[in-house]
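Bear in mind that the values in this text are calculations on the coordinates, not laboratory data. In this text the structure is predicted, and so the values were computed from the model without any measurement. Glycine gets a Cβ as well: all are built from the backbone with ideal geometry, and neighbour counts include every protein chain shown.
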């Protein structure tokens with residue numbers, strides 16, 4: 001997990017992961033999602049044709065929903081050292097900019113078990129993520145290690161980044177649909193998205 005968190009002067013958070021500081025936006029406001037995406041397009045305008053995007057989602061454990069599959073409560077997106085943690089279940093609205101971003105064929109969205117997250121986003125919110133890559137398959141192919149096809153994010157981070165990543169069980173199964181997230185939840189959510197991005201970036205760039 002990330003090791004520390006602090007507020008920034010402009011209303012965001014700074015989450016540390018190993019030696020990296022990730023500027024993190026936590027919001028349930030569609031307008032702020034618009035602004036975050038505008039910044040990503042501006043910062044990465046010269047490499048939009050090959051952008052790698054870390055994607056993850058969190059949902060409340062199913063015991064809160066009986067036999068009904070719980071909806072995605074949190075959508076995390078990370079590009080570079082910028083992370084969006086969108087409380088999508090509590091959002092005032094889902095902006096068209098997010099719909100277009102996820103459906104952009106120029107971008108490759110990476111994550112562990114990403115197809116499950118994508119299916120949940122489609123089922124609840126009608127969101128389509130056009131181009132995805134499961135990091136387990138990517139790492140297995142790039143590193144020539146078939147065992148990585150069943151690895152978790154912790155193992156991939158250790159293998160590719162040389163970093164020990166903590167994922168506390170009590171945070172993983174916490175109430176992700178809570179109106180106010182704890183610092184531990186925000187660090188966990190940010191770390192998952194950033195680690196997915198960084199593992200994907202390094203694998204595509206051959207930095208392993």
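Take every pair of alpha-carbon atoms less than 8 Å apart whose residues are at least six positions apart; their mean separation over the length of the range 42-178 yields a relative contact order of 24 percent.
If the chain linking residue 123 and residue 183 were pulled fully straight, counting 0.36 nm for each residue of separation and taking away their Cα-Cα distance, it would gain 18.7 nm.
Placing R0 at 22 angstrom, the Cβ-Cβ distance between residue 172 and residue 137 gives a FRET efficiency of 0.45 after rounding to 0.05. Judged by the ratio a/c of the largest to the smallest principal axis of the C-alpha gyration tensor, the chain counts as rounded, that ratio being less than 1.5.
Look at where the Cα atoms of the range 76-105 and of the range 128-207 average out, and the two centres are 18 Å apart.
For the range 97-208, list log₁₀ I(q)/I(0) at each q in 0.18, 0.21, 0.24 Å⁻¹, using the Debye formula over Cα point scatterers of equal strength and ignoring solvent, two decimals each. At q = 0.18, 0.21, 0.24 Å⁻¹ the computed log10 ratios are -1.02, -1.25, -1.36. Length available on full extension from residue 163 to residue 48: 0.36 nm per residue minus the Cα-Cα distance, which gives 38.6 nm.
Taking label positions 7 Å along the Cα-Cβ direction at both residue 21 and residue 147, the computed distance is 3.8 nm, reported to one decimal.
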